[in-house]
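Asker: Below: one structure in structure tokens.
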Protein chains: 4
Amino acid sequence: MKYIDLNGDLGESFGAYKIGNDQELIKLVTSVNIACGFHAGDPHVMKQTAAFAAREGRAIGAHPGYPDLNGFGRRKMDLSANEVYDIVVYQIGALAAFAKTVKVRLNHVKPHGALYNAAARDQKLADAIAGAVKDVDPSLILYGLSGSCLIEAGKAAGLRTASEVFADRTYQPDGTLTPRTQPGALIEDESDALRQVLDMVHHGIVRTAGGRTVPIQADTLCVHGDGAHALAFAKKIRLALEEDGIEIRPL
Amino acid sequence: MKYIDLNGDLGESFGAYKIGNDQELIKLVTSVNIACGFHAGDPHVMKQTAAFAAREGRAIGAHPGYPDLNGFGRRKMDLSANEVYDIVVYQIGALAAFAKTVKVRLNHVKPHGALYNAAARDQKLADAIAGAVKDVDPSLILYGLSGSCLIEAGKAAGLRTASEVFADRTYQPDGTLTPRTQPGALIEDESDALRQVLDMVHHGIVRTAGGRTVPIQADTLCVHGDGAHALAFAKKIRLALEEDGIEIRPL
Amino acid sequence: MKYIDLNGDLGESFGAYKIGNDQELIKLVTSVNIACGFHAGDPHVMKQTAAFAAREGRAIGAHPGYPDLNGFGRRKMDLSANEVYDIVVYQIGALAAFAKTVKVRLNHVKPHGALYNAAARDQKLADAIAGAVKDVDPSLILYGLSGSCLIEAGKAAGLRTASEVFADRTYQPDGTLTPRTQPGALIEDESDALRQVLDMVHHGIVRTAGGRTVPIQADTLCVHGDGAHALAFAKKIRLALEEDGIEIRPL
Amino acid sequence: MKYIDLNGDLGESFGAYKIGNDQELIKLVTSVNIACGFHAGDPHVMKQTAAFAAREGRAIGAHPGYPDLNGFGRRKMDLSANEVYDIVVYQIGALAAFAKTVKVRLNHVKPHGALYNAAARDQKLADAIAGAVKDVDPSLILYGLSGSCLIEAGKAAGLRTASEVFADRTYQPDGTLTPRTQPGALIEDESDALRQVLDMVHHGIVRTAGGRTVPIQADTLCVHGDGAHALAFAKKIRLALEEDGIEIRPL
């Protein structure tokens, strides 16, 4: 039987600032990525979110990002590989402590935003992240873009990895995502997006914008909870997967 | 045979900013308290300091403080007990991760500066800190001012505690430190300070400013490394303890 | 003819985080207090908010707070009078620059949250704030709690001051606000709150919880925009003031 | 008579952290660039430094940087041109307020570190910075790398500009600095460095590594105060300039 994990970003609120829709999103996912206070989240939000995810029985992961709250971790920062190693160790450790306070173990690590993108393309940064994960806890699963440097780095480090795919993004012949700055980067039609997900999970392939078929590993799918549309679409994805006999479960 | 631990604050540098004299101070202590990035320290400094302390074979502790780098954690902030719990969990976790990367276990937790002082007097904050330590790792030793709320909280939580004493501060009849804002708070004469330490360790007593003798528990002594004078004095304390047949070792 | 200013806090969003209801609140007020990046707001939000307030023709003020984004400036920090002077100068300057980019002058300064409360009771902090305002621009109006140390400090410094009153808070016989921690601190009944405002503006008096009448200076009234209820109540206040022939205008 | 300004970075300390040698460096320069709290400096340091520079009669400039204290503003951040405009306005305003408290006017703006480098090469960022300077105060002088996009942007915006040159860096045939990552980027020999400065000021030329002579505008020379060597070299530069009949004065 085919299966896939659905992951979602949680715990991105900060102090008086509320963001996201954790209550609804958690119903749709099997694993959650919790912000660690650098690009979003704070110690109070982390505790609440870890407790919430533990109550709901979801697999809990750290979601480390660049130290840039004002930019929500979406702005690339020129950190060296050593610096990236250090900030990832720090953030995993902080979240792992909150996981302990609610008697659960950390399941995975998924870099956030600009760090995720940088780790997809830059082998040195990818190796630094994989090394950080391994040195803190070699049983953690490393989530990264399917086919990226980060997945390669995780495997080379002997970590379990989860290759992440996207429903609403188009892919290039080399298996990478079409950059958002290019036309046709997003799949606007929902049925096209659903078909792409089913192709990925059932057949391990994705059709590129140019019509070619390329192989792709699909262990986990990212779903979003910001806005009514995103939630509704995530529900459709779940339904389509289930109707097609695909089990939705954590890795 | 009598014994005592000597502890010192390490890893307080930040980015391009260097502070303290870690290379010299570490020679004089048996346990080190490493700043965790809130009042001092950063991920890179934490990694370097944990590796350095591990190489030198010192017991490594977390030194959590208020989130106030500009005030070096010396300014009281009105955080609730819940908020204090959260920032302590976070900081212990972050440092514990760096300890893992250098294959050592965290040994203890000692709050820093204004948080240390608040936890000495405020039972709710003290309980919050003890609870945070226990929930993250009940094998950690909680360092606190001898006779303070924090030691009481640690014992009530079932933690091992280390009662900290000071060589150059005078004590009140109730066993508390004379506030720095009062005259006679500091012991200026070095031989008086040395005698106070020896009395504490040998006899479990301290003579107050008014001449009374009160009992005091002395598990660990805080030594400082900032400035030539502090280092020279710390060396004299070590020598005096050793000459008096007191073993200097971690708890 | 009697008159009063209505002031509201604007520009408290931060990066990806949206808070408040600036679009609606600005319609109800004659002066706005813009957060300056320490407890809320960021450079981008400040520019947008200054431009927005300028377009709408509102008097623009700086709203400096403690350097505590995570606590939204609501947690007291033990800053010295010198440190308070420094952070107030800094924040006024930052906002004044954005005012220049939209070709308006800064009109006033109103401390935020815990800093506002501290400045109401602590004469040294109040003097520090008044000194900061005067040294940056002596034409600025200093907003403070009516009858507080801050108003006194402003007058002593030769500044114009605006005594602020509240519609939904009860007052003590000495003219101070009943602390929120005490029962009866809030006026639950809207018509009572409206009557209190009219009494203040028309007669310069407020009835205490104990039924006594004490004099009070009412130059400006604080209105809130967070939540549908707050906005609806602010509209009622405006209407009640206008129906009673009180002009609503900036100072 | 030929003349040149010598500028130095001041006020880079932060809280308990001291850096640089402001007391000695200020003796050697005619204009100072004061950090504004984003990459270095804090409100207290800014006040002290502005007061110090005013007492010593030096021209005072703002030294805005990326919001990255941990990286000392030396790490490129992918801020948009709008975001750069906003952080520059903010930082100029903050420092201008401290200048007012010591009764001096701000003289200039010089971006720091990675922002300086980005503004040298990226015309959009350069235009954003020039626009920020102009919108806050069109009388400010914009300092930038000689021949860079930033100088061009300043001129296009109608600002006075100061073309900055370096004594110990080699130049490329197109007038740009040899990147530090390339061999031969630094001039190791002091007499070579002194000769380069004199050629720049006297003849408006610089000899490239390849031996060609290219024109260069030299309005201000950057001198450093960190370390005994840097100070000694800065003194030699001053002496060499004076002996050659070049006046050292602000712009």
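The values are calculated or read from the model by the stated rules, or taken from the named source; none is laboratory data. All values reported here derive from a predicted model rather than from experimental measurement. Cβ sites come from the backbone with ideal geometry, for glycine too, and all protein chains shown count toward neighbours. Just the protein is used for accessible areas: all its heavy atoms, side chains included, with ligands, DNA and RNA removed. Shrake-Rupley method; radii C 1.70, N 1.55, O 1.52, S 1.80 Å.
Asker: Which whole number of Å³ per residue matches the convex hull of the alpha-carbon atoms in segment A:9-88?
Answerer: 91
Asker: Something else about it: Two decimals, Cα atoms only, Kirkwood Rh: what is Rg/Rh over chain D?
Answerer: Numbers: Rg = 17.0 Å, Rh = 18.0 Å.
Result for chain D is an Rg/Rh of 0.94.
Asker: Can you pull out the trypsin sites (Lys or Arg not before Pro) in segment A:152-184 that DSSP calls coil and that have at most 15 other Cβ atoms within 10 Å?
Answerer: Qualifying residues, ordered by number: A:R180.
Asker: Compute the signed sum of charges (Lys and Arg +1, Asp and Glu -1) over the other residues within less than 15 Å, Cβ to Cβ, of A:A53.
Answerer: +2
Asker: Next up: Around B:L6, which amide H atoms from residues at least 5 apart in sequence, or from another chain, sit under 5 Å from its own amide H, with H modelled in the peptide plane?
Answerer: It is B:T30, B:S31, B:L221, B:R249, by chain and number.
Asker: Check C:H39: other-chain or 5+ apart residues with amide H under 5 Å from its amide H, H built from backbone geometry?
Answerer: C:G65, C:D68
Asker: With +1 on each Lys and Arg Cβ and -1 on each Asp and Glu Cβ, and nothing else charged, work out how big the dipole of segment D:129-243 is about its Cα centre, in Debye to the nearest 20.
Answerer: With only Lys, Arg, Asp and Glu charged at Cβ, the dipole is about 140 debye.
Asker: Among the trypsin sites (Lys or Arg not before Pro) in segment D:15-117, which ones are in a DSSP loop with at most 12 other Cβ atoms within 10 Å of the Cβ? Mind listing them? Before the final figure, lay out each step's value.
Answerer: On the way: sites: D:K18, D:K27, D:K47, D:R55, D:R58, D:R74, D:R75, D:K76, D:K100, D:K103, D:R105; in loops: D:K18, D:K27, D:R58, D:R74, D:R75, D:K76, D:K103, D:R105.
Here the trypsin sites (Lys or Arg not before Pro) that fit, given the DSSP loop and packing criteria, are D:K103, D:R105.
Asker: Where the label is 7 Å out from Cα toward Cβ, how close does A:R249 come to the same position in every other copy, in nm, shortest first?
Answerer: Once sorted, the set of distances for A:R249 reads 5.2, 7.4, 8.3 nm.
Asker: Once the other residues with Cβ under 13 Å from the Cβ of C:K235 are scored (Lys, Arg +1; Asp, Glu -1), what is the net sum?
Answerer: -1
Asker: Would you mind classifying segment C:186-251 by shape? Square roots of the alpha carbon gyration tensor eigenvalues, ordered a ≥ b ≥ c; an a/c under 1.5 is rounded, otherwise it is prolate if a/b is larger than b/c and oblate if not.
Answerer: Note, shape of segment C:186-251 comes out oblate.
Asker: Can I ask one more? Please report which chain D residue places its beta carbon nearest the axis carrying chain D onto chain A, with the distance rounded to a whole angstrom.
Answerer: For the rotation taking chain D to chain A, the closest Cβ gives D:M77, 3.
Asker: With n ≥ 4 as the cut-off for DSSP H runs, can you work out [θ] at 222 nm for chain B, using -39500 (n - 2.57) per run divided by the number of residues, rounded to the nearest 500?
Answerer: Helices in chain B give a 222 nm mean residue ellipticity of -13000 deg cm²/dmol.
Asker: Then there is this: List the GluC sites (Glu not before Pro) within segment A:138-237 that DSSP assigns to loop and that have no more than 12 neighbouring Cβ atoms inside 10 Å.
Answerer: A:E188
Asker: Quick one: label points 7 angstrom along Cα→Cβ at A:E152, distances to the other copies in nm, smallest first?
Answerer: For A:E152, the inter-copy label distances come out at 3.6, 6.1, 7.1 nm.
Asker: Work out the mean other chain Cβ neighbour count within 10 Å for the residues of D:176-186 and drop it here as an integer.
Answerer: Average neighbour count from other chains, rounded to a whole number: 0.
Asker: Still on this structure: What's the center-to-center distance, using Cα atoms, between segment B:1-42 and segment A:95-117 in Å?
Answerer: 28
Asker: For chain C, with a Gaussian network of springs between Cα atoms less than 10 Å apart, report the residue from C:I216, C:I141, C:I187 with the top mean-square fluctuation.
Answerer: Of C:I216, C:I141, C:I187, the Gaussian network model singles out C:I187 as fluctuating most.
Asker: Using the 7 Å Cα-to-Cβ label point, sort the distances from D:E24 to its equivalents in the other copies shortest first and give them in nm to one decimal.
Answerer: 1.9, 6.2, 6.3
Asker: Checking an interface number: how much accessible area is buried between D and C, summed over both chains, with a 1.4 Å probe, in Å² rounded to 100? Intermediate values should be presented prior to the final figure.
Answerer: Values: alone 11570 and 11590 Å², together 21300 Å².
What D and C bury together is about 1900 Å².
Asker: Run a plain Debye calculation on the protein assembly as shown (Cα atoms as equal point scatterers, no solvent) and give log10 I(q)/I(0) at q = 0.06, 0.09 Å⁻¹, rounded to two decimals, same order as the q list.
Answerer: -0.51, -1.16
Asker: Can you give the convex hull volume of the alpha carbon atoms of segment B:143-209 per residue, in Å³?
Answerer: About 87 Å³ per residue, rounded to a whole number.
Asker: Return the lysines within reach of D:K236: Cα separation strictly under 30 angstrom, same-chain partners fewer than 8 residues apart disregarded; answer none if there are no such residues.
Answerer: B:K18, D:K2, D:K18, D:K27, D:K110
Asker: Also: Restricting things to Cα coordinates, could you compute the convex hull volume per residue of segment C:75-146 in Å³?
Answerer: Convex hull volume per residue, Cα atoms: 85 Å³.
Asker: Which of the three applies to segment A:1-50, rounded, prolate or oblate, going by the alpha-carbon gyration tensor with a ≥ b ≥ c and a/c under 1.5 meaning rounded?
Answerer: prolate
Asker: Want the number for A:K155 to A:A185: 0.36 nm per residue separation, take away the alpha-carbon distance, what's left? Can you show the working numbers first?
Answerer: On the way: separation 30, 0.36 × 30 = 10.80 nm, distance 2.82 nm.
Once the chain is fully extended between A:K155 and A:A185, it gains 8.0 nm.
Asker: Right, another one. Aspartates and glutamates within cross-link reach of C:K76: Cα-Cα under 14 Å, excluding same-chain residues under 8 positions apart?
Answerer: Excluding near neighbours in sequence, the set is B:D68, B:D78, B:E83, C:D68, C:D122.
Asker: Using the Karplus curve 6.51 cos²θ - 1.76 cosθ + 1.60 with θ = phi - 60°, what ³J(HN,Hα) values do you get for each residue of segment A:159-174, in whole Hz, with x for Gly and Pro?
Answerer: 8, 6, 10, 10, 7, 9, 10, 10, 7, 10, 10, 8, 10, 8, x, 8
Asker: Here's something else I'd like to know. Which FRET efficiency, nearest 0.05, do C:H202 and A:A232 yield, Cβ-Cβ r, R0 60 Å?
Answerer: Calculated transfer efficiency: 0.65.
Asker: On to the next question. Which one of D:A132, D:G154, D:H202 has its Cα pushed farthest toward the positive end of the charge dipole of segment D:99-236, where Lys and Arg give +1 and Asp and Glu give -1 at the Cβ?
Answerer: D:A132
Asker: How big is the charge dipole of chain C about its Cα centre, in debye rounded to the nearest 20, if each Lys and Arg gets +1 on its Cβ and each Asp and Glu gets -1 on its Cβ?
Answerer: The calculated dipole for chain C is roughly 380 debye.
Asker: Sticking with this one: Let me know the Kirkwood hydrodynamic radius for segment D:1-144, please, with Cα pairs as the basis and the value in Å to one decimal.
Answerer: On the way: mean 1/r = 0.0669 Å⁻¹.
Across segment D:1-144, the inverse of the average 1/r is 14.9 Å.
Asker: If the cut-off is 15 Å between C-alpha atoms, which aspartates and glutamates fall inside it for B:K103, apart from same-chain ones fewer than 8 positions away?
Answerer: Partners found: A:D135, A:D137, B:E56.
Asker: Something else now. Treating only the Cβ atoms of Lys and Arg (+1) and Asp and Glu (-1) as charged, compute the dipole magnitude of segment C:48-178 about its Cα centre; round to the nearest 20 debye.
Answerer: Computed about the Cα centre, the dipole is about 440 debye.
Asker: Could you work out which residue, out of B:G211, B:G144, B:G93, moves most in a Gaussian network model of chain B, that is, has the largest mean-square fluctuation with Cα springs under 10 Å?
Answerer: Between B:G211, B:G144, B:G93, it is B:G211 that shows the largest mean-square fluctuation.
Asker: Nearest-5 percent of antiparallel DSSP beta bridges in chain C?
Answerer: Given both bridge residues lie in chain C, the antiparallel proportion sits at roughly 20 percent.
Asker: For segment B:111-157, report the accessible area per residue in Å² (1.4 Å probe, heavy atoms, rounded to an integer).
Answerer: Computed with neighbouring chains in place, this is 33 Å² per residue.
Asker: Among B:M200, B:M77, B:M46, which one shows the highest mean-square fluctuation when chain B is modelled as a Gaussian network with alpha-carbon springs under 10 Å?
Answerer: B:M77
Asker: What does the net charge come to around A:S80 if you take all other residues with beta carbon closer than 15 Å to its beta carbon, with K and R at +1 and D and E at -1?
Answerer: After counting each charged neighbour, the total is 0.
Asker: Still on this structure, please answer the following. Once the Cα atoms of segment B:118-237 are picked out, what are the Rg and Dmax in Å?
Answerer: According to the Cα coordinates of segment B:118-237, Rg and Dmax are 15.1, 43 Å.
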